[in-house]
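> Please read through the structure below; I'll follow up with questions.
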Amino acid sequence: MKNGLALKLTIYFLLLFSFFNSKADDGYRLWLKYDRISNQKVLKLYLSQINYWLAEGDSPTINAAKEEIQKGLNGLLGRKIPQTFTIKEGVILLVRSNSDFLKNIDLSKYLSNINNEGYIILSTKLYGKRTIIITAKTDIGILYGTFHFLRLIQTNKQIDNLEVVSSPKIKLRILNHWDNLNRTVERGYAGFSIWDWHRLPDYIDTRYKDYARANASIGINGTVLTNVNANAWVLTYDYLLKVAALANVFRPYGIKVYLTARFSAPIEIGGLKTADPLNEEVRLWWKNKAKEIYHLIPDFGGFLVKANSEGQPGPQNYGRTHADGANMLAEALKPFGGVVMWRAFVYDNNIKEDRAKQAYNEFKPLDGKFLDNVLIQVKNGPIDFQPREPFHPLFGAMPKTPLMMEFQITQEYLGQGTHLVYLAPLFKETLDSDTYSKGEGSTVAKVIDGSLFNYKISGMAGVSNIGTDRNWTGHLFGQANWYAFGRLAWDYNLSSEEIADEWIRMTFSCDKMVIDKIKAIMLKSREDCVNYMTPLGLHHIMGWNHHYGPAPWIKDKHREDWTSVYYHRADSNGIGFDRTKTGSDAVSQYFPKVAEVFSSLEKCPDKYLLWFHHLPWDYKMKSGKTLWEEICYHYYKGVDGVRETIKIWDSLKNKIDSEQFEHVKMLLNIQLKEAIWWRNACVLYFQTFSKRPIPNELEKPDKSLDYYMNLSFPYAPGI
Ligand code: BDP
């Protein structure tokens, strides 16, 4: 009888265990899972090293750090790690650098290397007891240090010899949500906006705090809540109350809120007849608006503005310059410490000039004309977040105006919600590019961190990929791009590989085999995507308006600069956009050293070839192949890359969480279908000009060009 009961119980527990085991991970917890460490050796070691935690102070930020360290340690170590109030053996100590606990140790050599957001983590002895000190000049520094320390445990790193000194290289590390007030998200592929405007300010979704935790864990310290294609309504009192409620949740986590300012707001919600930035009434309206905002949100970050671009209103509607517009807003925010992030993403189809040149032409002459709380926010490349672009020529060209970076985390042009594309290599490619603006080594990173030209403020923005999907980003690997953006904004010297390594360990497993395989997939994924979409410098050949899928045939639309033929310029002679002296001469916007490389057929890297040159189909490439063959091989290589990814992924079955595995597996199958679609559509289309065969050894497209040209997607997401 007894045995029978024992057997039944065993079976019951086994079933229960397997249920929980297969119930699996829905991705909500992002990289902050804090599951018990599975490697018993590592776990035992930590348990022998960590006995207590002690945190001094009780500001909201310190309380957040306390909550995090408690949650993190208890979860990761699978045991309650108690709080203590005195130094004991094996304590994790969270205190300000001027704490009495630290009065006997000399921190000066560390402190001089960190700013107000930086932190120090040291394994040492205090009063003869083994202690790990997490310290900073400020509470937010302590919170950042706490997240760093937890990351070390999550990623199974040694903690007995720590000497971490870390400080963000860039001041404003900001997400840009392209979220509309009706909760749709422009170019969003992960559901609706997480800002529940209707139920705010009274209803505080638990997501808001988890959002703040996730961002703080990677050092993001600002968020623009609303779309750059702005709605003035967010500046009305009722909405500002809602914004204030969000700001209250984010504040302990060091995150400031910003809003997009619609330039015509004084007319739309202020009842004025004009929005002319030199009109006194208009100026006063913005000043009063700023006062109202700061009354509700004392640490409001400022405004992000898209003006005179793609139909948005702006100062040029009144014959004024971008500087007039930006300075008016800057003046209103100035007394309260706010900034204006004015976007350089401007181009006009009525101007008969290569779109790639227009931002530079507009902004370069305004260098030095902006107030000191204005940053110019520049997209990484001169066109628009394409799978690959050379760096924007404005970087390095405005020594007297702080330029900040705008990256796109949401994958508008890189497979949207279904393609696994790890973006750190794309971000790094831009940041590491040498502008030569002050001689060799004048990288884009050094322009935007302010070090090259002594900018007083510096910033990096990432267009968010976050939505209401349970796992936040739709594709699980979208989380890696959010993560990578934050890590690089903190420290652009981290390599794509290091960042991937951290994220994989926290998301999947610390098992070496798993890490190696997933890392291999991630690190090649962006190049695979470039290959099956826009190899060799091709760009802007995607679907009309929704930008979903290939459509190199787009032409004869109301705006030439939104067509594909404008960019690839394929004809019977060849393909590519001549941006050298014989063409649009966009190369001349770069510093001579760079211009020389991009202009020269010998020196121009293959990856930018058709961005800068129009070349005959039989042009001899460095590989010995003709240009036509090379284009074909790249498209096929891209598809093969996805096939290889699927093979690697399949080998992870039963090695990682089953829900994660299946989720990614299904998406990879979509990615493969779409990669083939891109390849076939583009190769068949360009073949109508090249009139040359697809090389024999390559599989032939199984559908006709007509088939691809007739596909339509009226309900594609993200518009
Ligand atoms: C393009 C998007 C469009 C944005 C625009 C922008 O297609 O939805 O509004 O950029 O950045 O990439 O303003």
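Laboratory data are not the source of any read-out in this text; all were calculated from the coordinates shown. Fair warning: this is a prediction, and the values are worked out from it, not measured in the lab. Heads up, the Cβs are rebuilt from the backbone with ideal geometry, glycines too, and the neighbour counts pull from every protein chain shown.
> Criterion first (in a strand (DSSP E or B) and either without any contact (Cβ under 8 Å) to a residue 12 or more places away in the chain or within 16 Å of the ligand (Cβ to nearest atom) (or both)) does Glu406 satisfy it? Spell out the reasoning first.
Working: in a strand (DSSP E or B): yes; either without any contact (Cβ under 8 Å) to a residue 12 or more places away in the chain or within 16 Å of the ligand (Cβ to nearest atom) (or both): yes.
It is true that Glu406 is in a strand (DSSP E or B) and either without any contact (Cβ under 8 Å) to a residue 12 or more places away in the chain or within 16 Å of the ligand (Cβ to nearest atom) (or both).
> Just to confirm my filter: which helices (runs of 4 or more DSSP H) fall fully inside the stretch 456-573 and include at least 3 residues that are crowded, with 22+ Cβ neighbours inside 10 Å? I'd like the intermediate steps shown before the answer.
Values: elements: 478-490, 496-507, 512-533, 565-568.
Hits in the stretch 456-573: 478-490, 496-507, 512-533.
> Which ones in the stretch 426-451 are of a type in the set (Asp, Glu) and within 17 Å of Ile376 (Cβ to Cβ)? Show your work before the answer.
Step one: list which residues in the stretch 426-451 are of a type in the set (Asp, Glu), which gives 429, 432, 434, 440, 449.
Passing the criteria: only Asp449.
> Okay, moving on. Name the single residue that is farthest from Ala716 (Cα to Cα) among those in the stretch 158-212 being of a type in the set (Lys, Arg) and within 18 Å of the chain's Cα centre (by Cα).
Start the filter on the stretch 158-212 by keeping residues that are of a type in the set (Lys, Arg), which leaves 169, 171, 173, 183, 187, 199, 207, 209.
Imposing the further condition that a residue be within 18 Å of the chain's Cα centre (by Cα) reduces the set to 169, 171, 173, 187.
Working: Lys169: 38, Lys171: 37, Arg173: 31, Arg187: 10 Å.
Per the criteria, the residue is Lys169.
> Could you say which residue among Ala332, Ala326, Ala356 is touching a strand residue (DSSP E or B) at 6+ places or on another chain (Cβ under 7 Å), crowded, with 21+ Cβ neighbours inside 10 Å and not β-branched (Val, Ile, Thr)?
When all the criteria are applied, what remains is Ala326.
> In addition: May I ask you to list the residues in the stretch 153-189 that are under 30 Å from Val228 (Cβ atoms), in contact with an Asp or Glu (Cβ under 6 Å, 6 or more places away or on another chain) and either assigned to a strand (DSSP E or B) or away from the ligand (no atom under 16 Å from the Cβ) (or both)?
Matches in the stretch 153-189: Pro168, Lys169, Ile170, Val185.
> Exactly one condition in (1) aliphatic (A, V, I, L, M); (2) surrounded by fewer than 17 Cβ atoms within 10 Å (Cβ to Cβ); (3) part of a loop (DSSP other than H, G, I, E, B) is not met by Ala230; state its number.
Of everything listed in (1) aliphatic (A, V, I, L, M); (2) surrounded by fewer than 17 Cβ atoms within 10 Å (Cβ to Cβ); (3) part of a loop (DSSP other than H, G, I, E, B), Ala230 misses just condition (2).
> Any residue at all in the stretch 237-250 that is touching a residue at least 12 places away in the same chain (Cβ under 8 Å) and within 16 Å of the ligand (Cβ to nearest atom)? Please lay out each step first, then the result.
Residues of the stretch 237-250 touching a residue at least 12 places away in the same chain (Cβ under 8 Å): 237, 239-247, 249-250.
Then drop every residue that is not within 16 Å of the ligand (Cβ to nearest atom), which leaves none.
No, there is no match, as no residue in the stretch 237-250 is touching a residue at least 12 places away in the same chain (Cβ under 8 Å) and within 16 Å of the ligand (Cβ to nearest atom).
> So which of Asp210, Asp179, Asp202 ends up being of a type in the set (Asp, Glu) and within 21 Å of Met341 (Cα to Cα)? Break it down into steps so the answer makes sense when it comes.
Values: Asp210 fails: within 21 Å of Met341 (Cα to Cα); Asp202 fails: within 21 Å of Met341 (Cα to Cα).
Selected residue: Asp179, the only one of Asp210, Asp179, Asp202 that is of a type in the set (Asp, Glu) and within 21 Å of Met341 (Cα to Cα).
> Only residues in the stretch 192-216 that are over 19 Å from Trp178 (Cα atoms) count as the first member; pair them with residues that are surrounded by fewer than 20 Cβ atoms within 10 Å (Cβ to Cβ), Cβ under 6 angstrom, at least 6 apart or cross-chain, and list the lot.
Cβ pairs passing all conditions: Pro201/Leu241; Pro201/Ala245; Asp205/Asp196; Lys209/Val249.
> Going through the stretch 666-698 one residue at a time, which ones are in a loop (DSSP other than H, G, I, E, B) and of a type in the set (A, V, I, L, M, F, W, C)?
Listed by number, the residues that qualify are Ile694, Leu698.
> Test Val587 against the criterion of being touching a Lys or Arg at 6+ places or on another chain (Cβ under 7 Å) and without any contact (Cβ under 8 Å) to a residue 24 or more places away in the chain, and give yes or no.
Here the answer is no, as Val587 does not meet what is asked.
> Output the residue which, of all residues in the stretch 200-227 that are charged (D, E, K, R) and assigned to a loop (DSSP other than H, G, I, E, B), is farthest from the ligand (Cβ to nearest atom). Walk me through how you get there before you give the answer.
Filtering the stretch 200-227 for residues charged (D, E, K, R) gives 202, 205, 207, 209-210, 213.
After this cut, where a residue has to be assigned to a loop (DSSP other than H, G, I, E, B) as well, the list is 202, 205.
Working: Asp202: 31, Asp205: 26 Å.
In this case the residue turns out to be Asp202.
> Continuing with this model, one more query. Out of Pro717, Pro701, which single residue is assigned to a loop (DSSP other than H, G, I, E, B), out of contact with any helix residue (DSSP H, G or I) (no Cβ under 8 Å at 6 or more places or on another chain), surrounded by 17 or more Cβ atoms within 10 Å (Cβ to Cβ) and not small (Gly, Ala, Ser)? Break it down into steps so the answer makes sense when it comes.
On the way: Pro701 fails: out of contact with any helix residue (DSSP H, G or I) (no Cβ under 8 Å at 6 or more places or on another chain).
Among Pro717, Pro701, only Pro717 is assigned to a loop (DSSP other than H, G, I, E, B), out of contact with any helix residue (DSSP H, G or I) (no Cβ under 8 Å at 6 or more places or on another chain), surrounded by 17 or more Cβ atoms within 10 Å (Cβ to Cβ) and not small (Gly, Ala, Ser).
> Scan (1) away from the ligand (no atom under 16 Å from the Cβ); (2) over 19 Å from Asp449 (Cβ atoms); (3) surrounded by fewer than 18 Cβ atoms within 10 Å (Cβ to Cβ) for the single condition Ile142 breaks and write down its number.
(3)
> Select from the stretch 415-448 the residues that are crowded, with 23+ Cβ neighbours inside 10 Å and in a loop (DSSP other than H, G, I, E, B) and write down the one among them that is nearest to the ligand (Cβ to nearest atom).
Among those that are crowded, with 23+ Cβ neighbours inside 10 Å and in a loop (DSSP other than H, G, I, E, B), it is Gln416.
> So, one more: When the residues of the stretch 623-658 are filtered to those that are of a type in the set (S, T, N, Q) and under 27 Å from Arg505 (Cα atoms), which remaining residue is surrounded by the fewest Cβ atoms within 10 Å (Cβ to Cβ)? Steps first, answer last, please.
Of the residues in the stretch 623-658, the ones of a type in the set (S, T, N, Q) are 623, 626, 645, 651, 654, 658.
Of the ones still in play, those that are also under 27 Å from Arg505 (Cα atoms) are 645, 651, 654, 658.
Details: Thr645: 23, Ser651: 12, Asn654: 7, Ser658: 14.
Filtering the stretch 623-658 for residues that are of a type in the set (S, T, N, Q) and under 27 Å from Arg505 (Cα atoms), the one surrounded by the fewest Cβ atoms within 10 Å (Cβ to Cβ) comes out as Asn654.
> Which residue is surrounded by the most Cβ atoms within 10 Å (Cβ to Cβ), if the candidates are limited to the stretch 368-387 and must be within 15 Å of the ligand (Cβ to nearest atom) and part of a loop (DSSP other than H, G, I, E, B)? Outline the logic, then answer.
Of the residues in the stretch 368-387, the ones within 15 Å of the ligand (Cβ to nearest atom) are 376-387.
From what is left, the residues that are part of a loop (DSSP other than H, G, I, E, B) are 380-387.
Numbers: Asn380: 23, Gly381: 21, Pro382: 28, Ile383: 22, Asp384: 18, Phe385: 22, Gln386: 26, Pro387: 22.
The extreme case among them is Pro382.
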